[in-house]
Amino acid sequence: MVISPLCCLPTLKMTDYQTVKSLLFVLFFPTAEEDSNMADFMIRFLLSNLFLGIFIGILAFCKWIFRRTLSSQMQYHLWFLLFFFLLVPFVPVCSFSLPAQISSFFSTFSSQKGFAHHPLTDSPLSSTFSNTSEWMNDFTISISRQVPSIAGQILFLLWCTGIGIMFIFFIRSVRQLYHLSSTALPLENAEISSLYISCLKELGITRNILVYTTAFLPSPAITGIFQPRIYLPLRLISGYPHSALRYILLHELQHYRQKDGLLNLFLNIFCALYWFNPAVWYVLHEIRIDREIACDTSVLETLGETSCQEYGAALINFAETLSHTPFSFSVGLGGSMPQMKRRILNIASYQAPTPWKRAKGYVLVLVISLLLISMSPVLSMQAAKETSFRPDTSDSIVSTIDLSSYFRDYEGTFVLYDLQKDHYQIYHPEQAYKRISPDSTYKLYSALFGLEEKIITPKDSMIPWDHNHYPFDAWNKNHTLHSAMSASVNWYFQTIDKKLGHGKIRSYLQQIHYGNESIDQSDSYWMESSLKISAFEQVSLLTDFYQNTFAFNPEHIAAVKDSICLITHGQNTLYGKTGTGNVNGQNVNGWFIGYIENSQNTYFFATNIQAEQQASGSTASQITLDLLEDMGIWN
């Protein structure tokens with residue numbers, strides 16, 4: 001039997017107090033944004049649970065249909081895929097590519113090692129471009145953001161309540177285990193101690209696992225992960241023959257060899273997280289049964305086929321008294337009568353697997369695993385809403401700079417890339433990797449896609465006004481690509497999007513790896529909606545656009561470049577596009593992205609600011625120009 005390994009609870013240090021306090025405050029007194037995140041989280045979590053039930057059914061079917069090919073241990077280990085599925089809803093998953101995942105893992109550490117801190121001379125906002133031109137006005141239409149679903153909030157609180165109740169059961173199990181360990185006595189029977197030592201040698205276990213006796217257990221048990229202990233009921237020592245005790249000790253030691261204590265910890269955690277899902281409870285129940293069957297089979301492999309009858313008889317003799325486990329979420333040597341029947345039938349039909357059967361089993365497990373893992377992205381409730389991005393900068397120079405005085409009360413970031421030196425300078429890296437709505441900065445790529453599909457052409461980019469009245473006079477007329485980009489005319493680019501269609505747009509977004517590549521069915525997916533991109537990705541994508549990495553028509557690249565050309569001053573030319581996110585009448589998200597080109601070098605930049613109000617693209621552009629002037633890049 002394996003008892004819950006939660007032998008002790010972590011003690012909170014004083015330094016952890018503020019963290020715990022913050023978590024509780026977020027849970028019980030959330031802001032509007034946090035409230036919305038809770039509701040969205042719960043809705044996505046429930047949807048992922050529907051798909052999870054399908055995956056569990058597929059896994060159970062595969063296990064059943066190949067039951068004669070797979071050994072008991074392989075059937076048991078196949079369930080380990082479930083742990084992967086149960087974790088998927090809590091992590092972003094885009095697609096399965098093992099080499100890419102490994103490369104990303106190592107590049108993360110490489111990029112972190114490349115960071116260095118270089119302070120920049122601070123200066124207040126200057127009066128550069130005090131006469132704002134049309135492109136700095138960045139006309140935008142307010143988006144209404146709905147109050148988060150009350151149902152989603154209620155479901156989230158119910159889920160947390162259920163987890164809390166499950167945690168109480170864990171505490172109860174821990175207290176019972178503490179009482180057991182405090183009343184148990186070390187094994188003093190010399191004959192059984194000698195028998196136990198021979199069992200350790202028989203299984204090749206060199207660790208000295210302590211054995212205790214207790215009057216408070218109806219069945220033997222092994223507990224603990226780092227300090228495992230075996231507990232034997234006193235009545236077994238005096239009331240059963242040593243041959244039967246040998247089978248018991250071998251069975252418990254097999255649990256140790258299989259690391260079932262650690263597995264039980266994961267089972268308990270998933271029981272708490274998925275307390276509402278009957279499919280998960282069912283499959284966790286099956287895992288516990290298969291664990292005991294796999295353990296029985298391992299004992300038989302050690303004893304040989306000739307011992308099947310004796311081992312099965314010992315199990316039958318113990319069945320009546322060992323049918324109930326003493327602790328919550330624990331597993332006993334016995335079990336319910338249907339479980340015992342399955343185990344005895346397995347023992348009776350046991351045959352040592354041939355090398356050919358083992359080979360077929362390994363191939364089947366590998367094929368099933370790869371098939372199901374490749375389908376797992378549909379389980380991810382975060383996949384469509386990835387909020388962060390970690391770049392591979394292992395081949396580049398990356399340094400952080402302190403620009404806090406420029407951003408004042410804004411939550412912001414600035415990313416600058418020196419093409420010649422392959423050097424990134426980043427203010428507030430955490431914010432630079434956070435994915436947010438691109439707003440009007442996306443129009444650059446909408447225009448490029450429209451040119452590629454010949455919806456507009458470099459020589460004829462005029463789209464007639466639809467005669468709907470818009471709140472800005474500059475929008476209420478026919479527009480070409482240049483004038484529409486300058487006045488940031490929404491309807492112009494939405495017309496291009498409609499002619500492209502969502503399927504074609506999604507294909508292009510995947511081709512250029514634009515942010516989270518997520519679009520909804522509306523025509524405003526890039527305005528504080530589903531499409532998200534980070535400031536770092538903006539700079540990286542601008543670099544690819546400038547160099548035409550994606551092999552678009554060079555004439556189309558030139559046309560878009562011309563449409564975002566803002567100012568030529570001496571040998572320097574400034575290209576850029578602003579973007580403003582206006583929600584419920586307030587400017588909450590401001591962008592300015594672009595690059596400065598001269599005969600010697602090209603510098604790419606992205607600035608983002610966020611606040612509850614007055615965070616506009618024009619403000620972001622003013623901050624950017626001041627920064628570039630102080631850095632000696634723009635005069």
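The values are calculated or read from the model by the stated rules, or taken from the named source; none is laboratory data. These numbers come from a predicted model, not from an experiment. Glycine also receives a Cβ, built like all others from the backbone with ideal geometry; neighbour counts cover every protein chain displayed. All accessible areas refer to the heavy atoms of the entire protein, side chains included, with ligands and DNA or RNA removed. Shrake-Rupley method; radii C 1.70, N 1.55, O 1.52, S 1.80 Å.
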Does residue 39 satisfy the criteria of being under 30 Å from residue 171 (Cβ atoms) and either in contact with a helix residue (DSSP H, G or I) (Cβ under 9 Å, 6 or more places away or on another chain) or at pLDDT below 50 (or both)? yes
Of the residues in segment 529-563, those that are surrounded by fewer than 21 Cβ atoms within 10 Å (Cβ to Cβ) and not in a helix (DSSP H, G or I) number 8
Would you please name the residue that is farthest from residue 258 (Cα to Cα), looking only at residues in segment 51-73 that are open to solvent by 80 Å² or more (accessible area, probe 1.4 Å) and aromatic (Phe, Trp, Tyr)? 51
Right, residue 633: hydrophobic (A, V, I, L, M, F, W, C), under 21 Å from residue 426 (Cβ atoms) and part of a loop (DSSP other than H, G, I, E, B) or not? yes
Scope segment 500-526; condition assigned to a loop (DSSP other than H, G, I, E, B) and either touching a residue at least 40 places away in the same chain (Cβ under 8 Å) or open to solvent by 50 Å² or more (accessible area, probe 1.4 Å) (or both); matching residues: 513, 514, 515, 516, 517, 518, 521, 523, 524, 526
Residue in segment 180-193 that is in a helix (DSSP H, G or I), without any contact (Cβ under 8 Å) to a residue 60 or more places away in the chain and among the acidic types (Asp, Glu) present: yes
Options 622, 614, 600: the member that is in contact with a Leu (Cβ under 7 Å, 6 or more places away or on another chain) and open to solvent by 30 Å² or more (accessible area, probe 1.4 Å): 622
Among the residues of segment 444-488, the number that are within 24 Å of residue 519 (Cα to Cα), of a type in the set (Asp, Glu) and open to solvent by 50 Å² or more (accessible area, probe 1.4 Å) is 1
Pull up segment 205-259, narrow it to residues that are of a type in the set (Lys, Arg) and closer than 23 Å to residue 182 by Cα, then point me to the one that is surrounded by the fewest Cβ atoms within 10 Å (Cβ to Cβ). 207
Looking at segment 489-496, can you tell me whether even one residue there is open to solvent by less than 20 Å² (accessible area, probe 1.4 Å), more than 30 Å from the chain's Cα centre (by Cα) and of a type in the set (Ser, Thr, Tyr)? yes
Residues satisfying the stated conditions in segment 179-204, i.e. among the β-branched types (Val, Ile, Thr) and surrounded by 14 or more Cβ atoms within 10 Å (Cβ to Cβ): 192
Filter result for residue 167 (assigned to a helix (DSSP H, G or I), modelled with pLDDT of 85 or more, of a type in the set (Phe, Trp, Tyr) and surrounded by fewer than 15 Cβ atoms within 10 Å (Cβ to Cβ)): yes
Those helices (runs of 4 or more DSSP H) completely within segment 331-444 that have 1 or more residues that are at pLDDT below 65 are 337-348
Of all residues in segment 260-299, which are under 13 Å from residue 80 (Cα atoms) and more than 24 Å from the chain's Cα centre (by Cα)? 260, 286, 287, 288, 290, 291
I'm checking my understanding of the structure. Among residues of segment 140-164 that are part of a loop (DSSP other than H, G, I, E, B) and either at pLDDT 80 or above or under 30 Å from residue 619 (Cβ atoms) (or both), which one is nearest to the chain's Cα centre (by Cα)? 148
Six or more apart or on different chains, Cβ under 8 Å: which pairs go from a residue in segment 257-286 that's closer than 14 Å to residue 76 by Cβ to one that's among the charged types (D, E, K, R)? Could you list them? 258/291; 260/291; 263/291; 267/288
Verdict on residue 584 being open to solvent by 20 Å² or more (accessible area, probe 1.4 Å) and either of a type in the set (Phe, Trp, Tyr) or touching a residue at least 60 places away in the same chain (Cβ under 8 Å) (or both): yes
